[in-house]
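Please read the structure below before turning to the comments.
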Amino acid sequence: MNPRREGVRVNSSRKILFFIPSFSSIEATAPLGLLAISTPLLEAGYEVHIIDSTIAPDYKRRVLEGVKDSLCLGISLVTGPMIRETVDICRAIRKWNPDFPIILGGWHPSLLPGQTLEADYVDIIVRAQGEESMLEIAQRLEGGASLDDVKGIGFKRDGKPYYTPERPLKTLDQCPPKAYQLADFDAYERICGRRWAMYVSSLACPFNCAYCTNAGVYGRKWNALPVEQVVEETVDLTRRYRLELLWMADDNFLVDIDRSLKIAEGLIHAGGTFKWSIQATTNLTARLSVEELTLLRRSGLHQICQGIETASPTVMKLMNKGFQNLEDIYESTARCLKAGVIPSFNIIFGFPGEGVKERRETINFMMDVCRRFPGAEFWTNIFTPYPGSPIFSRAKEIGIEVPKSLEGWSDYFPRYTVLPWLKGKEHERVQTMRDYLRIAFDRDPIAANQHGWAARAIRHLTGYPARWRLDHDFYDFPIELWTNRKLKNILTLPKPQVDAKLLEPAAAPSCT
Ligand code: B12
Ligand code: SF4
């Protein structure tokens, strides 16, 4: 922390302000990271306010107003465009009061603590789980005490960064429930068109894919909440906030299949009426029989999102996805659809080692699966080398230019990624091909506001030539994309004007 403030009483307020910068998505819902760190603060009697720029267009004014009577500001961020709003807000606060404590937590500060703390507008960074760290920081700031004994954080002393010892990770059952009562679900629904939330029932993933950052923060020791707690909390949550959908943000929900089936039985028994979706690896999904999938479907499971990422055996090896088998994917796709569960797949284009031949193998696979199994859906991305992922240790060797400051990471986003081995005309071609993949087969986004029926009809019609192009690898004169965009602009429902209510301080300590 800044030497001007370390060990000095800053502000006697018991109000903590949190800010989450927009994730540029209309698939909007409450930020779980902030809901998680709010609970211990509420239990200790602090007043917590959250401003989410996704639902608060005048977020800057609100944050600048809100900090005036707060003890500190905490910001949650992942690598990418969220950093832009973060920097803007922090600079404005510095201008107002250079001594006001600014704390950064979440994935980016956890993966790059040193570089994040270097920014002159950051006082404290929190690494990994923030429930206890944030509470202890608030208590030290309030009491004017030193931060030395707060584990898992970094701060500045005499202008130099100082890091406390790592805070051991807690298993999920040791973490408090999330403060969902702080979320303005009405505002999220107005943006998204669907009333939904995220829920975490297990933590970490036993695998170690080369492009994935998860092990860098949560390790690889999978742990989970007890079945009864998951059933009770999810049913209560969906009833209390009238949610139609829960998106399990677990990295790999199906690690313990027996537990998954017991959750399904529990939900049926408890009369849960909500839809839910999960993320799971293809090998674990493939272990489910039609009967088991049918049980999951009866409990409301409607989609299993699986990261195939590539269908090229060469690239699969490079990605360290030795656990994946393409034949199994065909079979499990058939089983999912028979049971009424949507198999939804992610693909990453441009992983180092993927050439034209390997990319073609993946496209052929996608086309084949979609044709043979109508209802299966694919979402694609361009590879983004995130810090903390195994491949990132080879960044220099593979020619990735690593940003040298916090601001430098603002453009780090799959949509914009240009790689040394995928740039110029070839990059443009892959982007056009991705656009054709988007319209070639129907998909079901979370955001119900995204398209009106007319826009969907246009996409359906342009699907025929799109499939022809993908089969023939021909993307010149992309007239259908142009038509699709133009007509969509005319026919798509206007994005709703959303303004979140100023959230009332939640009464401590009633969480979930
Ligand atoms: C849900 C989710 C999303 C949702 C977010 C919706 C929302 N309203 O929040 C959606 C689908 C929109 C999304 C989008 C993206 N995501 Co995402 N997402 C996740 C996911 C699956 C869960 C995050 C979560 O809520 N976890 C539960 C909470 C409780 O845990 P937590 O976030 O880790 O929070 C804890 C700590 O980090 C800390 N903490 C968090 N914030 C703060 C703040 C303060 C002040 C403090 C003190 C502490 C603190 O304390 C919390 C409690 O212990 C993670 C993977 C994962 N395993 O976590 C990826 C993940 C965060 N996403 C990631 C990425 C890359 C993206 C996208 C770029 C993907 C894309 N292709 O577009 C976009 C970009 C978003 C953006 N802002 O720019 C990466 C981030 C990597 C990185 N280096 O930052 C992750 C880690 C996935 C991965 N393995 O690579 N994502
Ligand atoms: S990409 Fe998925 S399967 Fe691979 S390590 Fe990350 S969470 Fe696990």
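The values are calculated or read from the model by the stated rules, or taken from the named source; none is laboratory data. Note that this is a predicted model, so its numbers are computed, not measured. Every residue, glycine as well, gets a Cβ built from its backbone with ideal geometry; the counts of neighbours run over all protein chains shown. For the accessible areas, the whole protein counts, side chains as well, though only heavy atoms, and no ligand, DNA or RNA atoms are used. Shrake-Rupley method; radii C 1.70, N 1.55, O 1.52, S 1.80 Å.
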For the stretch 282-431, report the accessible area per residue in Å² (1.4 Å probe, heavy atoms, rounded to an integer). 43
Rounded to the nearest 20 Debye, what is the dipole magnitude of the chain about its Cα centre when Lys and Arg each give +1 and Asp and Glu each give -1 at the C-beta? 1000
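Full-extension gain between His269 and Glu401, please, as 0.36 nm times their residue separation minus the C-alpha to C-alpha distance.
Details: separation 132, 0.36 × 132 = 47.52 nm, distance 5.35 nm.
Stretched out fully, the His269 to Glu401 stretch lengthens by 42.2 nm.
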Roll a 1.4 angstrom probe over the protein heavy atoms and tell me the percent of accessible area of the chain that is carbon or sulfur. 54
Calculate one ³J(HN,Hα) per residue across the stretch 439-445 by plugging θ = phi - 60° into the Karplus curve 6.51 cos²θ - 1.76 cosθ + 1.60, and present them in order as whole Hz with x for glycine and proline. 9, 5, 9, 5, 9, 10, x
For labels at Asn325 and Arg242 in the simple 7 Å Cα→Cβ model, what's the distance in nm? 4.8
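Expressed as a rounded percentage, what relative contact order does the stretch 287-386 have, with Cα pairs under 8 Å and six or more residues apart? Mind dumping the intermediate values first?
On the way: 124 pairs, mean separation 35.3, N = 100.
Relative CO of the stretch 287-386 lands at 35 percent.
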Beyond 27 Å, how much of the Cα-Cα pair distribution for the stretch 163-299 remains, as a whole percent? 26
Residue by residue through the stretch 377-394, the couplings from Karplus 6.51 cos²θ - 1.76 cosθ + 1.60 with θ = phi - 60°, in Hz, x for Gly and Pro, are 10, 10, 10, 10, 9, 9, 3, 10, x, 7, x, x, 7, x, 5, 5, 5, 9
What are the principal axis extents of the Cα atoms in the stretch 322-386, in Å, biggest first? 36, 25, 22
Spelling it out for Phe19: with amide H atoms placed in the peptide plane at 1.01 Å from N, the residues 5 or more places away or on another chain with amide H under 5 Å from its amide H are Ile51, Gly74, Ile75, Ser76
For the chain, what is Rg from Cα atoms divided by 2.2 N^0.38 Å, rounded to two decimals? 0.99
Dividing the Cα radius of gyration by the Kirkwood radius, what Rg/Rh value follows for the stretch 69-110? 0.98
How big is the Cα convex hull of the stretch 386-439 in projection, averaged over all directions, in nm²? 4.6
Of Arg14, Arg456, ordered by accessible area with the largest first and a 1.4 Å probe, the sequence is Arg456, Arg14
Can you give the convex hull volume of the alpha carbon atoms of the stretch 67-151 per residue, in Å³? 92
Taking +1 at the Cβ of each Lys and Arg and -1 at the Cβ of each Asp and Glu, which of Cys192, Thr483, Val255 sits farthest along the dipole of the chain towards its positive end, judged by Cα position relative to the Cα centre? Thr483
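Rounded to the nearest 20 debye, what is the charge dipole size of the stretch 262-353 about its Cα centre when +1 sits on each Lys and Arg Cβ and -1 on each Asp and Glu Cβ?
Numbers: 9 positive and 7 negative charges, 34 e Å.
That gives the stretch 262-353 a dipole magnitude of about 160 debye.
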Please compute the contact order of the stretch 54-170 in relative form: average sequence separation of alpha-carbon pairs under 8 Å and at least six residues apart, divided by the residue count, as a percent. 20
For Asn223, other-chain or 5+-apart residues with amide H closer than 5 Å (H placed, Pro excluded) are Leu203
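Give me the dipole magnitude in Debye, nearest 20, for the stretch 292-335 about the Cα centre, with unit charges on the beta carbon: positive for Lys and Arg, negative for Asp and Glu. Kindly include the intermediate steps, with their values, before the conclusion.
Details: 5 positive and 5 negative charges, 28 e Å.
Roughly 140 debye, rounded to the nearest 20.
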When every alpha-carbon pair in the stretch 230-342 is counted, what percent end up more than 21 Å apart? 37
Mean-position separation - Cα centroids, the stretch 47-100 and the stretch 328-405, in angstrom: 35
Cα extents of the stretch 267-312 along the principal axes, largest first, in whole Å, come to 43, 19, 10
Report Rg (one decimal) and Dmax (nearest whole number) for the stretch 189-263, counting Cα atoms only, units Å. 14.2, 40
His460: accessible area at probe 1.4 Å, nearest 10 Å²? 90
Between Phe373 and Lys262, the two model label points (7 Å from Cα along the beta-carbon direction) sit apart by a distance in nm of 2.8
Rounded to the nearest 5, the percent of DSSP beta bridges in the chain running antiparallel is 20
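For each pair in Lys317/Lys357; Lys221/Lys396; Lys160/Lys396; Lys68/Lys95; Lys151/Lys178, compute the distance between the two Cα atoms and list the pairs where it is over 18 Å.
Violating the 18 Å limit, Cα to Cα: Lys221/Lys396; Lys160/Lys396; Lys151/Lys178.
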Taking the Cα atoms of the stretch 110-202, what is the range of coordinates along each of the three principal axes, in descending order and whole Å? 49, 31, 28
